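Quick notes on the structure that follows.
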Amino acid sequence: MAYETLLTEVDNAVAIITLNRPDALNAFNNQLMDELTEALDRFDNEATIGCIVITGSKKAFAAGADIKEMREQSYLDAYYTDFITRNWERAARMRKPVIAAVSGYALGGGCELAMMCDFILAAENAKFGQPEITIGVSPGAGGTQRLTRFAGKSKAMEMCLTGRMMDAEEAERCGLVSRIVPTDELLDEAKSVARKIASMPRATAMMTKEMVNAAYETTLSQGVLFERRLFHSLFATDDQKEGMEAFVEKREPHFNNR
Ligand code: CO8
């Protein structure tokens, strides 16, 4: 499938989606959002894919929603068409693991998209921010909620109220990103981590993702119960037998994703 605003690549069990509107620093217009949703749907449902990487350019992961496309919208235009946000949570609903590989600006919707992924690998030059207030709106794709959960109320409040950007080191200190990678090595490192995840037993990886995500949606005791139920269910898989036998026999496991 050919896209105009994305590049896609499949490398064995890893799919790489590169946001590609360089003239607009990968700002999200309706076309990009529709194409991204289509690509995410496709790779989530493609049996051979075990992990997905979303990335942008060296200068920008994404500079947010397309302000030029957005500026003429009236409230009712936006409401009736569910403007730009109609597919917006697709990234957060992915069942397969998704890594955001962020270089340069991740602002507004760009920061929100990165936070919908399962974790963020940041290049040394990454900058995160929710600057919507400076153009008269607020975050509209979960920024006030996810940034607060990941970075804490004080930092989220300051960033959303001032539009200040944080650099990669601050983002790592506050737990927004899993780690920082030299800028020129970001994509190779993201692909290497994605290959590692894709080599794990598929159902185990997908269920583990569900368990970690449950920590953000439920109480501790409910979350622990959910984890235990899925943990028990993994004993029904071939891959549990193979993984444990391989350990005992001191050899590499050969998972069949059954
Ligand atoms: N929308 C449209 N065009 C943009 C955007 C944007 N968000 N960001 C940059 N561009 C364009 C510029 O207009 C410029 O185009 P041109 O060359 O035609 O003038 C080109 O990209 C390069 O940008 P700059 O010249 O500004 O590059 P700089 O290096 O000087 O500055 C910045 C880079 C700091 C990133 C700057 O471009 C900037 O501040 N961009 C806007 C950031 C912003 O405010 N983002 C929030 C947008 S609102 C939002 O995301 C709400 C989300 C709600 C949910 C929606 C879900 C999708």
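The values are calculated or read from the model by the stated rules, or taken from the named source; none is laboratory data. Because the structure is a prediction, the values reported are computed rather than measured. Cβ placement follows ideal geometry from the backbone for every residue including glycine, while neighbour counts extend to all protein chains displayed. To get the accessible areas, we keep the full protein, side chains included, count just its heavy atoms, and leave off ligands, DNA and RNA. Shrake-Rupley method; radii C 1.70, N 1.55, O 1.52, S 1.80 Å.
Against the main long axis of the alpha-carbon atoms of the chain, helix 186-198 sits at an angle near 40°.
How many Å² of accessible area per residue for region 130-245, probe 1.4 Å? Show your work: numbers first, answer last.
Values: 6810 Å² over 116 residues.
Here the residues of region 130-245 average 59 Å² of exposed surface.
Heavy-atom surface analysis with a 1.4 Å probe gives region 45-106 a carbon and sulfur content of 51 percent of its accessible area. The gain in end-to-end length when the ARG229 to GLU185 segment is fully stretched comes to 12.0 nm, 0.36 nm per residue minus the alpha carbon separation.
With all protein chains in place and a 1.4 Å probe, the accessible surface of region 147-258 carries 56 percent carbon and sulfur.
Heavy-atom accessible surface of TYR3, to the nearest 10 Å², is about 30 Å², with a 1.4 Å probe and all protein chains retained.
Under the rule a/c < 1.5 gives rounded, and otherwise a/b versus b/c splits prolate from oblate, where does region 103-144 land using the Cα gyration tensor? Let's see the in-between values first.
Working: a/c = 3.73, a/b = 1.50, b/c = 2.49.
Taking the square roots of the gyration eigenvalues as a ≥ b ≥ c, region 103-144 is oblate.
Rolling a 1.4 Å probe over the protein chains gives ILE197 an accessible area of about 40 Å². Rolling a 1.4 Å probe over the heavy atoms of the protein chains gives region 1-40 an accessible area of 44 Å² per residue. Estimated at 0.36 nm per residue, the fully extended path between ARG164 and PHE247 surpasses their Cα-Cα distance by 25.0 nm.
Per residue, region 47-111 exposes an accessible area of 47 Å² to a 1.4 Å probe, with every protein chain left in place. Pairs exceeding 28 Å between alpha-carbon atoms, taken from LYS127/LYS196; LYS155/LYS191; LYS68/LYS153; LYS196/LYS250; LYS59/LYS209; LYS58/LYS155: LYS155/LYS191; LYS68/LYS153; LYS59/LYS209.
What stretch of the chain, leaving out the sites themselves, is the longest with no GluC sites (Glu not before Pro) in a DSSP loop having at most 10 other Cβ atoms within 10 Å?
Details: sites that count: GLU4, GLU72, GLU217, GLU249.
The reported range is 73-216.
Helix-only arithmetic for the chain: the sum of -39500 (n - 2.57) across DSSP H runs with n ≥ 4, divided by the residue total, places the mean residue ellipticity at 222 nm at -12500 deg cm²/dmol. Straight-line reach from LYS241: taking Cα to Cα under 15 Å and skipping same-chain neighbours fewer than 8 places apart, the aspartates and glutamates in range are GLU249, GLU252.
According to the square roots a ≥ b ≥ c of the eigenvalues of the Cα gyration tensor, what is the shape class of the chain, taking rounded for a/c under 1.5, prolate for a/b larger than b/c otherwise, and oblate for the remainder? Please list the in-between numbers first.
On the way: a/c = 1.77, a/b = 1.61, b/c = 1.10.
Here the chain falls in the prolate category.
Of all beta bridges that DSSP places with both ends in the chain, some 30 percent have antiparallel geometry.
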